[in-house]
Amino acid sequence: MSDTEYMTRAEAVLAAIEYGADDVAADIECERSGNVLSLEFESGAKIIVNLQQPMHEIWIASKTGGYHFKFDGDTWRDTRSGDEFFAVLSREASQIAGEAVVFEPAA
């Protein structure tokens, strides 16, 4: 994947998260600074999503740990578990919010 293709795909992920944060019932503040997106919850807990352009990865940092995702030609998959990006983000956000939070890729 070229750097341009990576950035196009990765930016679409960040945009989907920003859009999705406005649509969920949980109180989530979304703040972006360059290639880093912070999701702050009512409790003060945060999930950080950042783009790692040199490795063509997207990383999630949460209170339960860190996850690294690489595009497999179809979707972003965790390099260790193979779990899909939005499934992991939704699981982590739900755990912090104490209620179901679902993030989805843009259609």
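Among residues of the range 91-107 that are among the small types (Gly, Ala, Ser), those with a beta-carbon under 9 Å from a residue that is in a helix (DSSP H, G or I) and modelled with pLDDT of 90 or more at least six positions away or on a different chain give the pairs Ala100/Ser90; Ala100/Ser94; Ala106/Ala12; Ala106/Val13; Ala106/Ala15; Ala106/Ala16. Scanning the range 76-107 for residues that are farther than 21 Å from Thr8 by Cα and assigned to a loop (DSSP other than H, G, I, E, B) returns Arg80, Ser81, Gly82, Asp83, Gly98, Glu99, Ala100, Val101, Val102. Of all residues being in contact (Cβ under 8 Å) with a residue 40 or more places away in the chain and assigned to a helix (DSSP H, G or I) in the range 1-10, which is farthest from Trp76 (Cα to Cα)? Just the residue, please. By that ranking, first place goes to Asp3.
Does Phe103 satisfy the criteria of being under 10 Å from the mean Cα position of the chain (by Cα), over 20 Å from Glu42 (Cα atoms) and of a type in the set (Phe, Trp, Tyr)? The answer is no for Phe103.
Per this entry, Ile47 is counted among residues that are over 13 Å from Lys70 (Cα atoms), surrounded by 15 or more Cβ atoms within 10 Å (Cβ to Cβ), of a type outside the set (Ser, Thr, Tyr) and at pLDDT 95 or above. If the condition is being charged (D, E, K, R), under 19 Å from Gln95 (Cα atoms) and touching a Leu at 6+ places or on another chain (Cβ under 8 Å), then the range 19-36 contributes only Glu29. Within the range 3-43, the set of residues being surrounded by fewer than 13 Cβ atoms within 10 Å (Cβ to Cβ) and under 13 Å from the mean Cα position of the chain (by Cα) comprises Glu11, Ala12, Glu31. Screening the range 51-64 for residues that are crowded, with 18+ Cβ neighbours inside 10 Å and within 8 Å of the chain's Cα centre (by Cα) and picking the one that is farthest from Asp3 (Cα to Cα) gives Ile60.
The values are calculated or read from the model by the stated rules, or taken from the named source; none is laboratory data. Computed from a predicted model, the values in this text were never measured in an experiment. Note that each Cβ is placed from the backbone with ideal geometry, even for glycine, and that neighbours are counted across all protein chains shown.
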